[in-house]
1. Roughly how many whole Å is it from the C-alpha centroid of segment 170-249 to that of segment 1-42?
2. How do 92, 249 stack up against each other in accessible area, from largest to smallest, with a 1.4 angstrom probe?
3. If we sort 171-179, 56-64, 147-155 on the protection proxy, mean other Cβ atoms within 10 Å, highest first, what's the order?
4. Of (i) 0.93; (ii) 1.23; (iii) 1.02, which one was derived for Cα Rg over 2.2 N^0.38 Å from the structure shown?
5. Take the residue pairs 157/220; 111/193; 86/247 and return only those whose Cα atoms are more than 25 Å apart.
6. So, with +1 on the Cβ of K and R and -1 on the Cβ of D and E, and no other charges, what is the size of the charge dipole of segment 62-185 about its Cα centre, to the nearest 20 debye?
7. Which of the peptides 242-248, 8-14, 112-118 is most tightly packed, and how do the rest follow, judged by the mean count of other Cβ atoms within 10 Å per residue?
8. Rounded if a/c is under 1.5, else prolate if a/b is larger than b/c, else oblate: which is segment 1-153, with a ≥ b ≥ c the root eigenvalues of its Cα gyration tensor?
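The values are calculated or read from the model by the stated rules, or taken from the named source; none is laboratory data. The model shown is predicted, which means the values in this text are computed figures rather than measured ones. Because the Cβ atoms are built from the backbone with ideal geometry, glycine has one as well, and the counts that use them run over all protein chains shown. Side chains included, ligands, DNA and RNA excluded: accessible areas come from the protein's heavy atoms. Shrake-Rupley method; radii C 1.70, N 1.55, O 1.52, S 1.80 Å.
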Amino acid sequence: MEQHNSFRRAIESGDVVFGARSSTFSPTVIEIYGELGIDFVWLDFEHMGPSPWDSAVFEELTRAAEVGGTELFVRLPSGDPSLVRKVLDAGVRNLFIPRVDDAEEVREAVKATRFVYDGEPGERGMASGRSRTWGLGPDDYIETEDQEVCLGVMIEKTTAVDDLDEILSVPELGFVFIGPSDLSVQMGHPGEKTHPEVVAQIEEITEACHAADVPTGVIKTDPDAIESAVDDGHQIIRIGGDLASVKSVLSERLDAIESLR
């Protein structure tokens, strides 16, 4: 398996990456995304899809990503260190954890991604899965893995906002993705992502992250909104997905030929 993470290299260099969601979890879709030039493929194992404990699932998905020339961007259901390790060993490099509450929780998850962490032994274990090419990987595998894996968190709970400064100080935190939907629920404005208080909170989160030199991510689908997000300094942007694209394109075409049906 290739020991290189273009996603991490890009955001650490200050570049912007654009991704798309694959709700079908199809290796074919992932390969096509890569051929189109999509930088990362959002896979949501928190709310849907196969079990994230099934390594065989990730083996096929990571192969498709390699062939297409893109990176997987995997949302796990939790930051359970044993789950983090298992998914990394299957070949995934970029993980993000939803609904975090505090810095200690984040630190545990990040530490599980590293063999050496903050100058001390980390909690990543040696394995012979796909990440190590079934045990046939290079001699510098440990060093390489620590340089390539990337774990971020979603800030979408008021508890996380209250502890944001501490979360942002966690060593090796790769990025923060802002979740306005859940944040609106937590703030007492369920579903109102454009409520003034929610918008103001998102701006505060963004400013704190950028002040701490932590890359941020958002979901934007309108081209003008995408451009504005880039202007606001966001580096990780999800611009759409497979099911939404199918619905949009085919609905438009069906409407156009309605007289023929």
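1. Distance between centres, Cα-based: 18 Å.
2. Details: 92 5, 249 65 Å².
From most accessible down to least: 249, 92.
3. 147-155, 171-179, 56-64
4. Label (iii) holds the value from this structure.
5. Check vs 25 Å cut-off fails for 111/193; 86/247.
6. My answer is approximately 700 debye.
7. 112-118, 8-14, 242-248
8. Numbers: a/c = 1.40, a/b = 1.22, b/c = 1.14.
The shape class here is rounded.
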